[in-house]
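Below: one structure, written as structure tokens.
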Amino acid sequence: MEFTLIIRTRPDDTQRWQQVHRFGETASTMGHSIRQFFFQAEGVLTATLPEAYDGWVSLSEHTGAELLLCSQAAETHGVIAETPFAIGGLGALVEASVKADRVISFV
């Protein structure tokens, strides 16, 4: 099964974004794939947290999933994408969602 994950988790909700990490690791271990991690709203801040950054990069490398920051949210929060993160709009999320078997949103 292929997943697209939407992460809207606030940076101070450590338990929730760690849950996303565990989900990604477990899904991959079970033979599933992740097409995209789409960071939306305050999730763009969570993506760039120093204590979370290595985990996102590791998940991306392990699963082959792209790490995409919502363009509007990145602009709103003043976040600049640095490799391996990229900026993308809702069109990229819709495309990944259509190609995935399931879309899961973490709020």
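With the convex hull drawn around the C-alpha atoms of the chain, the volume per residue stands at 80 Å³.
Working from label points 7 Å from Cα in the Cα-to-Cβ sense, the Ala86 to Tyr53 distance is 2.1 nm. The residues of the chain present an accessible area of 53 Å² per residue when probed at 1.4 Å with all protein chains retained.
Based on C-alpha pairs under 8 angstrom that are at least 6 apart in sequence, segment 42-106 has a relative contact order of 28 percent.
Considering only the Cα atoms of segment 32-74, their convex hull presents on average a projected area of 2.9 nm².
Close amide-amide hydrogen proximity is noted between Leu69 and Phe39, Ala86, Ile87, Gly88, each under 5 Å apart and 5 or more residues distant or on a separate chain (H modeled in the peptide plane; Pro and chain starts excluded). Judged by the mean number of other Cβ atoms found within 10 Å, the most tightly packed of the peptides 51-59, 24-32, 38-46 leads the ranking 38-46, 51-59, 24-32. Remark on segment 58-107: Rg and Dmax equal 11.7, 32 Å (Cα only). Counting charges near Glu2 (Lys, Arg +1; Asp, Glu -1) among other residues having Cβ under 10 Å from its Cβ returns a value of +2.
The values are calculated or read from the model by the stated rules, or taken from the named source; none is laboratory data. Small disclaimer: the values here were computed from a predicted structure and weren't measured. Glycine gets a Cβ as well: all are built from the backbone with ideal geometry, and neighbour counts include every protein chain shown. All accessible areas refer to the heavy atoms of the entire protein, side chains included, with ligands and DNA or RNA removed. Shrake-Rupley method; radii C 1.70, N 1.55, O 1.52, S 1.80 Å.
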